[in-house]
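Notes follow the structure.
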Amino acid sequence: MQNKRNGIPITREYITSLGQKLYVKLTEVVRQELAAITEEECIDYIYNLVINRTYEGYVGEIDTIYGQLQALIGHEIMAAPDDWDRRYGVDFYIAINDKHIGLQIKPISSGMTLNDYQWVEMHRRAHERFTQDFGGHVFFVFSVKNGDNKAIHNIDVVEQIQTEIARLQTL
């Protein structure tokens with residue numbers, strides 16, 4: 001081969017020597033380091049990962065809802081009772097007269113393997129029950145990381161929520 005890396009010709013022998021060095025690192029160094037890991041360290045790692053990710057997600061939801069959405073729609077947004085998340089797929093709600101609008105907040109990172117449509121379909125029946133029980137529709141608010149902050153990804157949802165507020169106010 002005619003390519004060079006740092007002045008060294010990239011030959012079959014050079015690539016073979018890199019493969020041999022990698023093999024030594026994996027079979028000697030990495031194997032020793034893996035053998036030194038304890039079960040307790042693995043449990044602690046997973047515990048911290050789950051707790052920290054859950055907390056970060058919750059704080060991100062709060063920041064997105066209270067920091068942005070509430071100011072944009074001009075109505076108080078309240079945390080839904082705990083059982084509403086499981087029963088209706090609702091994290092927050094807006095009370096309009098004796099009706100409620102539901103809000104489901106999802107960080108885009110949680111939807112890496114699901115698109116917006118799949119999230120909506122996955123919660124469709126629960127959201128229909130919410131509408132039957134409380135009169136208002138449920139809206140997905142997708143948040144996305146914007147630097148150190150969260151931002152509303154589907155900003156068009158603000159207008160949809162405002163339309164639903166207006167509808168409920170006329171009932």
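Hey, could you check the stretch 1-40 for residues that are assigned to a loop (DSSP other than H, G, I, E, B) and surrounded by 10 or more Cβ atoms within 10 Å (Cβ to Cβ) and say which is modelled with the lowest pLDDT? In this case the residue turns out to be Ile10. Would you confirm, using the coordinates I've provided, whether Gly74 is of a type in the set (Gly, Ala, Ser), loosely packed, with under 11 Cβ neighbours inside 10 Å and within 28 Å of Gly147 (Cα to Cα)? When the stated conditions are applied, Gly74 passes them.
Of all residues in the stretch 115-171, count the ones that are of a type in the set (D, E, K, R), assigned to a helix (DSSP H, G or I) and buried (at least 18 other Cβ atoms within 10 Å of the Cβ).
Of the residues in that region, 1 qualify.
Taken residue by residue, the stretch 132-143 has at least one member that is of a type in the set (D, E, K, R), under 21 Å from Asn97 (Cβ atoms), in contact with a His (Cβ under 9 Å, 6 or more places away or on another chain) and assigned by TED's automatic domain parsing to the domain that holds Gly74.
Can you pull out the residues in the stretch 41-66 that are out of contact with any strand residue (DSSP E or B) (no Cβ under 7 Å at 6 or more places or on another chain) and surrounded by 14 or more Cβ atoms within 10 Å (Cβ to Cβ)? It would help to see each step written out before you state the result.
The first filter runs over the stretch 41-66 and keeps only residues out of contact with any strand residue (DSSP E or B) (no Cβ under 7 Å at 6 or more places or on another chain), leaving 41-56, 58-59, 62, 66.
If the condition is that a residue be out of contact with any strand residue (DSSP E or B) (no Cβ under 7 Å at 6 or more places or on another chain) and surrounded by 14 or more Cβ atoms within 10 Å (Cβ to Cβ), then Ile62, Tyr66 are the ones that fit.
The values are calculated or read from the model by the stated rules, or taken from the named source; none is laboratory data. Just so we're clear, the structure is a prediction, and the values are computed from it rather than from any experiment. Don't worry about glycine lacking a Cβ; one is built from the backbone with ideal geometry, like all the others, and counts go over all protein chains shown.
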